Amino acid sequence: MRPCPPGAARAGRALPSVAAALVLVLMLLVIVRLPWAGDLGMHAATVQRLRHSLLHPGNPLVDADTTSPYYSPWMLLLGCLARVTGLPVFHVLRVGALVGLGLLATGVWRYVRTLSAHRAAPALAFLSLVLLWGPLLFNWSGFLGLNSLALTVAYPSVLALGLSFHFWAWLTRALRAGAGWGGWLGLGALWALILLCHQFTGVVASLGALATVIAARPGRAEWPRLGAAAALGLVLLWVWPYYDFFALFAAGADLEAIHRSLYGHLAGRFGLVLLGVAALGARWRRDRRDPLVLFFLLGVVVFAAGGLTGHYSWGRALPAALIPAQLAAALEAVSAGRRAVRAGWACLLGAALLVGAWTQVGTVGYVTGRDALPGPVAAKYRTPWAGYHWITPWVRYGDVVMARTMASRQIPAYGAYTVAPGYPDVFLPSAGAREAAERRYFSEGSRGSGGSGAAAVRRGVLREYGVRWVVGGRGDAEPWLRRVAGGPGGQVLYEVVR
């Protein structure tokens, strides 16, 4: 085989770096726009509560004095930033998104450097993590697909993933070169921080750490330090004052129902990752204790166990299988044996990345808007939520709003409370009663005249929860409601007339 010209070889090495840089620039522009979808309202509401009370923030969504797993060390820091600077909450979330993206990019670089010295490896790995998914668009917190990352970049899950990559890199180096007691205790503290910031990502981080330790086969001198690190991490989890971490193990059935969809359409969502599975097979043939192979196997076991036992929330451990496979696909393109083999892997990876990029190309619309996109690209764009800023001239911090579930996922971001939480809340004993009250109020069967028994029930719900506002449609008008403003999609803000 004729050798590549030096210029062509340099260009080939530079291409992944240029592409990865473009992805990062795209994400920075996305942060400027900060598209709204999913849990962004929950995180904004958490910052709102901490801005007003660092010590006793209460439930982030409803007017109740309960703890919440969303009060993590990271959100506490963002709450302090909002309190000290006076910045609007969504500006604070943009700052958090910048930090999370920076930790993710540098964490991937540091961890991949422990696996390969090739200059192009970190950039290829980053591209694989965001593009090597499947032909069906898939968005979920804790999953690093480009579109998912764009919608969740301000979430604690992105920060936790970035910290996880740093954690694995630090742990790998500690096991290889040795570390003092201080270094190991620092690892234990970092492990606890990840778990407190995003519990599901903490499980992924833990599986990656376990795989790293098994692959390294530490000697007797390391085991006391490993034990001390684990013990410190557990103590920090136990003493965290904002919520009982270990109570999360008793989460209810609502959590399982939400995650059941993670077990559907696996081939469409993650089919391109099969290239990485093949790469893991090649790595396993070379080294039966390869850390990426062990990491993948642990992730598959947990994910499969969740599906078989009905613990569908365990499906959130799926990144523990996806991440090592995606990294392996990138590393085979630069680390496989002969040049011809590497070239073959590079061609396959390049084709897969192009397919993944086309699947997620609609992400560009979060920067440009739909109207600026060509027709085929616009067809892949998913419109973000509009938000409820239109109610803020009237609804004040701490006011209680009666609203349906989708509105309840966004309204608390602006400081108000809703009657029922928009998301499952394992620490809210009254969640079921609140959801039932919301259903009773908006039930079509309860409609009637102002003096009817059904109307009395609805007014009783408003009095019970101290409701001052109702967000509904035109058909939700009642004699005791005064129309105040209209919003997108025919929504109406009503004031409850006392």
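The values are calculated or read from the model by the stated rules, or taken from the named source; none is laboratory data. Keep in mind that this is a model prediction, so the values were computed, not measured. FYI the Cβ positions are ideal-geometry reconstructions off the backbone, even for glycines, and counts take in every protein chain you see. Only protein heavy atoms, including side chains, enter the accessible area calculation; ligands, DNA and RNA are left aside. Shrake-Rupley method; radii C 1.70, N 1.55, O 1.52, S 1.80 Å.
Couple of notes before you dig in:
- Any pair with Cβ under 7 angstrom, 6 or more apart, that starts in the range 320-334 at a residue that is surrounded by 24 or more Cβ atoms within 10 Å (Cβ to Cβ) and ends at one that is in a helix (DSSP H, G or I) and charged (D, E, K, R): Ala328/Arg283; Ala333/Arg342
- Scanning the range 142-154 for residues that are part of a loop (DSSP other than H, G, I, E, B), more than 13 Å from Gly100 (Cα to Cα) and not aromatic (Phe, Trp, Tyr) turns up just one, Gly145.
- Members of the range 461-494 that are in a strand (DSSP E or B), open to solvent by less than 40 Å² (accessible area, probe 1.4 Å) and touching a Phe, Trp or Tyr at 6+ places or on another chain (Cβ under 9 Å): Trp469, Val470, Val471, Gly472, Leu481, Val484, Ala485, Leu493, Tyr494
- Test result for Arg285, among the basic types (Lys, Arg), part of a helix (DSSP H, G or I) and either open to solvent by 30 Å² or more (accessible area, probe 1.4 Å) or over 28 Å from Leu137 (Cβ atoms) (or both): yes
- Hits in the range 16-59 (condition: farther than 24 Å from Gly365 by Cα and either within 18 Å of the chain's Cα centre (by Cα) or assigned to a helix (DSSP H, G or I) (or both)): Ala45, Thr46, Val47, Gln48, Arg49, Leu50, Arg51, His52
- Some residue of the range 438-461 being touching a residue at least 24 places away in the same chain (Cβ under 8 Å), within 30 Å of Phe245 (Cβ to Cβ) and not aromatic (Phe, Trp, Tyr): yes
- Flag if Arg110 is outside any loop (DSSP other than H, G, I, E, B), of a type in the set (Lys, Arg) and closer than 15 Å to Arg49 by Cα: no
- The range 356-378, residues that are among the hydrophobic types (A, V, I, L, M, F, W, C), more than 19 Å from Val32 (Cα to Cα) and open to solvent by less than 70 Å² (accessible area, probe 1.4 Å): Ala357, Val377, Ala378
The rows are residues; the columns are (1) over 30 Å from Leu127 (Cβ atoms); (2) part of a helix (DSSP H, G or I); (3) within 20 Å of the chain's Cα centre (by Cα); (4) not small (Gly, Ala, Ser).
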| position | (1), (2), (3), (4) |
| --- | --- |
| Phe249 | yes, yes, yes, yes |
| Ala257 | yes, yes, yes, no |
| Ser261 | no, yes, yes, no |
| Leu274 | no, yes, no, yes |
| Gly281 | no, yes, no, no |
| Val293 | no, yes, no, yes |
| Val301 | no, yes, no, yes |
| Ala304 | no, yes, no, no |
| Gly315 | no, yes, yes, no |
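- Test: residue in the range 239-261 that is over 23 Å from Trp314 (Cβ atoms), out of contact with any Lys or Arg (no Cβ under 9 Å at 6 or more places or on another chain) and open to solvent by less than 30 Å² (accessible area, probe 1.4 Å): no
- Conditions (1) part of a loop (DSSP other than H, G, I, E, B); (2) open to solvent by 40 Å² or more (accessible area, probe 1.4 Å); (3) closer than 19 Å to Leu210 by Cβ: number failed by Pro135: (3)
- Scanning the range 63-115 for residues that are within 24 Å of Ala250 (Cα to Cα), touching a residue at least 12 places away in the same chain (Cβ under 8 Å), open to solvent by 10 Å² or more (accessible area, probe 1.4 Å) and not hydrophobic (A, V, I, L, M, F, W, C) yields Asp63, Thr66, Thr67, Pro69, Tyr70, Pro73.
- Among the residues of the range 395-416, the ones that are among the hydroxyl-bearing types (Ser, Thr, Tyr) and within 17 Å of Asp476 (Cβ to Cβ) come to 2 in all.
- Breaking point among (1) at pLDDT below 90; (2) within 21 Å of Ala436 (Cβ to Cβ), for Ala477: (2)
- Residues that are assigned to a helix (DSSP H, G or I) and aliphatic (A, V, I, L, M), drawn from the range 60-77: Met75, Leu76, Leu77
- Once the range 443-470 is narrowed to residues that are closer than 12 Å to Met402 by Cα and touching a Lys or Arg at 6+ places or on another chain (Cβ under 8 Å), the residue that is modelled with the lowest pLDDT is Arg458.
- Selection status of Leu210, closer than 18 Å to Leu294 by Cα, out of contact with any strand residue (DSSP E or B) (no Cβ under 7 Å at 6 or more places or on another chain), in a helix (DSSP H, G or I) and open to solvent by 20 Å² or more (accessible area, probe 1.4 Å): yes
- Qualifying residues in the range 386-397 (those that are under 25 Å from the mean Cα position of the chain (by Cα) and surrounded by fewer than 16 Cβ atoms within 10 Å (Cβ to Cβ)) - the one nearest to Val47 (Cα to Cα): His389
- Neighbours by Cβ (under 8 Å, 6+ apart or cross-chain): first from the range 265-288, within 15 Å of Leu327 (Cβ to Cβ); second among the β-branched types (Val, Ile, Thr) and open to solvent by less than 30 Å² (accessible area, probe 1.4 Å): Leu280/Val293; Arg283/Val293; Trp284/Val293; Asp287/Val293
- Given (1) of a type outside the set (S, T, N, Q); (2) farther than 29 Å from Leu146 by Cβ; (3) surrounded by 16 or more Cβ atoms within 10 Å (Cβ to Cβ), number of the condition Leu55 does not satisfy: (3)
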